Amino acid sequence: MRCRRALLLALAAGVGACNFRPMLLSKGPGDATVGAELAAIEIRGLEGDRLGYLVRNALLDELNPAGLDVPERYVLSVRVRSQARELGIQLDSTITRYNLAVTALFELREKGVDEVLIDSTIERVSSYNVSREPYADLVASQTAERRAAELVSEGIGTLIAAHFARQAPVT
């Protein structure tokens with residue numbers, strides 16, 4: 001028991017000494033927080049279909065969860081696509097499980113500036129079972145689509161937050 005406590009204290013001291021800091025908290029008076037930078041992002045390119053709508057809403061929740069009304073300083077352009085791949089196939093060739101892969105290609109620019117801050121692609125996979133009940137299959141596929149959209153949005157939000165955190169001065 002003492003050995004575990006000593007190890008835990010040593011790890012905590014190591015993390016404290018490595019300049020670890022939370023990304024979304026303010027760093028001091030006058031400093032812009034990563035959260036404020038995320039809230040200043042305008043989202044473009046996700047109109048038209050259900051998947052785009054789901055990713056857009058998840059991104060709004062990810063980037064600006066408090067719904068702050070701040071001037072938009074950045075433009076996030078996102079294109080998404082999905083593909084369902086058969087995963088579980090029985091001996092009689094009946095498909096019992098799918099992997100839904102959602103891929104998002106995105107770039108972040110500062111408004112009015114032609115320079116690209118981030119240009120990346122992210123893919124997340126969500127699985128779902130299928131049965132011989134059409135309604136259950138529809139609900140399962142829509143749930144997987146919503147889950148994958150949330151995962152893609154979290155990934156995009158994390159990459160952008162890490163970018164802004166690297167730009168912020170260390171205090």
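Quick one: in the range 50-93, of everything that is more than 25 Å from Leu159 (Cα to Cα) and of a type in the set (Asp, Glu), which residue is surrounded by the most Cβ atoms within 10 Å (Cβ to Cβ)?
Glu86
Can you pull out every residue in the range 117-171 that is buried (at least 18 other Cβ atoms within 10 Å of the Cβ) and of a type in the set (Asp, Glu)?
Passing the criteria: Glu145, Glu150.
Does the range 29-49 include one or more residues that are in a strand (DSSP E or B), aliphatic (A, V, I, L, M) and either at pLDDT 85 or above or surrounded by 19 or more Cβ atoms within 10 Å (Cβ to Cβ) (or both)? Let's see the steps before the verdict.
Quick first cut of the range 29-49, residues in a strand (DSSP E or B) only: 41-44.
Within this subset, residues satisfying the condition of being aliphatic (A, V, I, L, M) are 41, 43.
So of that shortlist, the ones also either at pLDDT 85 or above or surrounded by 19 or more Cβ atoms within 10 Å (Cβ to Cβ) (or both) come out as 41, 43.
The answer is yes; a qualifying residue exists.
Inspect the range 94-112 for any residue being touching a residue at least 60 places away in the same chain (Cβ under 8 Å), surrounded by fewer than 19 Cβ atoms within 10 Å (Cβ to Cβ) and within 20 Å of Glu37 (Cα to Cα) and give the result as yes or no.
The answer is yes, given that some residue of the range 94-112 is touching a residue at least 60 places away in the same chain (Cβ under 8 Å), surrounded by fewer than 19 Cβ atoms within 10 Å (Cβ to Cβ) and within 20 Å of Glu37 (Cα to Cα).
Rundown of residues vs (1) at pLDDT 90 or above; (2) out of contact with any helix residue (DSSP H, G or I) (no Cβ under 9 Å at 6 or more places or on another chain); (3) aromatic (Phe, Trp, Tyr); (4) more than 22 Å from Arg79 (Cβ to Cβ), yes/no style:
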site	(1), (2), (3), (4)
Ile95	no, yes, no, yes
Glu133	no, yes, no, yes
Ala144	yes, yes, no, no
Ala149	yes, no, no, no
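The values are calculated or read from the model by the stated rules, or taken from the named source; none is laboratory data. What you are looking at is a predicted structure, and each value in this text was computed from that prediction instead of being measured. All Cβ positions, even for glycine, are placed from backbone atoms using ideal geometry, and neighbour counts span all protein chains on display.
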